[in-house]
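Written below as structure tokens is the structure these notes are about.
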Amino acid sequence: MKYYPIFLDIRAKDCLVVGGGSVGARKAATLEKCGAKVKVISETFSHKFADLEKINICIEKKKYEKKDVNGMFLVFAATNNADLNQKIKKDASLLNILCNVADATDKSDFLLPSIVDRGDLTIAVSTSGSSPAMAKKIRQDLESQFGSEYAQLLHLMGNIRKKLLSSGHGPDEHKKIFNALIEKGILELIKANDDISLNAVLWDVLGKKYSYQDLVSSRSDE
């Protein structure tokens with residue numbers, strides 16, 4: 001492998017995007033969705049930023065300055081000026097801050113994969129910068145294969161795990177339970193919206209205290 005794959009927790013982390021075009025807008029939106037504290041700097045902004053102003057993203061209309069990278073967890077150089085992008089990269093590197101340079105994989109500290117987002121299921125596809133078009137094609141194929149039922153399944157599993165732990169159930173015993181649920185076709189039942197059969201499976205594996213309706217209405221991150 002050319003790159004080390006990693007899923008990074010950036011909640012409440014300061015992240016800087018320099019660039020007010022469509023590329024900068026996409027990066028800012030994804031960062032905000034993952035819980036980062038996002039700041040975008042540019043002298044001009046495209047219409048893509050109209051909706052971003054309504055969410056928790058700090059937008060500053062100004063010229064980039066070296067001090068802008070101070071204290072940042074990640075930096076994204078997403079301008080249409082290659083020389084400016086390289087200056088941003090250099091400024092970040094001097095402070096040991098990882099920087100992604102748009103359309104310049106050879107000059108970036110990390111790459112951004114093409115993503116399939118299904119709740120707690122995240123599938124990341126990378127061609128190591130060789131062919132973004134192929135990464136997009138693979139992502140589209142995966143999106144048709146992995147539907148919204150996977151997000152619902154993982155939400156359900158997360159709440160089951162939480163309830164098991166709260167009742168004193170040992171983590172080592174969970175694997176057998178979750179394997180049994182999967183083998184009994186719980187994913188297919190979720191896709192079919194068959195709540196009656198879902199309850200029957202849950203009661204068979206876990207007992208009558210585990211109701212599908214109650215489990216899916218609970219938040220797994222509480």
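Give the relative contact order (percent, whole number) for region 1-128; include only Cα pairs under 8 Å separated by 6+ residues. It would help to have the intermediate numbers written out before the result.
Details: 216 pairs, mean separation 26.9, N = 128.
Relative contact order here is 21 percent.
Over what distance in Å are the Cα centres of region 1-74 and region 158-195 separated?
Computed from Cα coordinates, the inter-centre distance equals 37 Å.
How high is the relative contact order of the chain? Use alpha-carbon pairs under 8 Å, at least six apart in sequence, and give a whole percent.
So the answer I get is 12 percent.
So what's the back-of-envelope 222 nm ellipticity for the chain, counting only DSSP H runs of four-plus at -39500 (n - 2.57) apiece and dividing by all residues, rounded to 500?
Using -39500 (n - 2.57) per qualifying helix, the result is -12500 deg cm²/dmol.
Here are several values of Cα Rg over 2.2 N^0.38 Å: [x] 0.94; [y] 1.22; [z] 1.26. Which one was derived from the coordinates shown?
[z]
If you take every residue apart from Thr127 with its C-beta less than 15 Å away from the C-beta of Thr127, what net charge results, scoring Lys and Arg +1 and Asp and Glu -1? If you can, show how the numbers build up before the last one.
Values: positive: Lys2, Lys136, Lys137, Arg139; negative: Asp103, Asp106, Asp141.
That sum, taken over residues with Cβ under 15 Å, equals +1.
If you rank Ser46, Ser144 by fewest surrounding Cβ atoms within 10 Å, what's the result?
Numbers: Ser46 14, Ser144 8.
Fewest to most other Cβ atoms nearby, the residues stand as Ser144, Ser46.
Treat the count of other C-beta atoms within 10 Å as a stand-in for reagent exposure and order Thr105, Thr30 from fewest to most.
Details: Thr105 19, Thr30 14.
If I rank by nearby Cβ atoms, fewest first, I get Thr30, Thr105.
Can you tell me the length gained on complete extension of the stretch Leu84 to Ser46, counting 0.36 nm per residue apart and subtracting the Cα distance?
Between Leu84 and Ser46, full extension yields 11.8 nm more.
Send over the Kirkwood Rh of region 14-112, from the inverse of the averaged 1/r over different Cα pairs, rounded to one decimal Å.
Numbers: mean 1/r = 0.0767 Å⁻¹.
Every distinct Cα pair counted, the radius reaches 13.0 Å.
What order do you get for Arg118, Arg26 when you list them from fewest to most C-beta neighbours inside 10 Å? Write down the numbers at each step before the final one.
Values: Arg118 19, Arg26 15.
In increasing order of surrounding Cβ atoms, one gets Arg26, Arg118.
Taking the DSSP beta bridges in region 66-222 as the whole, what percent of them are antiparallel, to the nearest 5? Working shown, then result.
Values: 5 of 9 bridges.
Here the share of antiparallel DSSP bridges comes out near 55 percent.
Quick note: the coordinates plus some simple rules give every number you see, no bench work behind them. On a predicted model such as this, the values are computed, not experimentally measured, just so you know. Don't worry about glycine lacking a Cβ; one is built from the backbone with ideal geometry, like all the others, and counts go over all protein chains shown.
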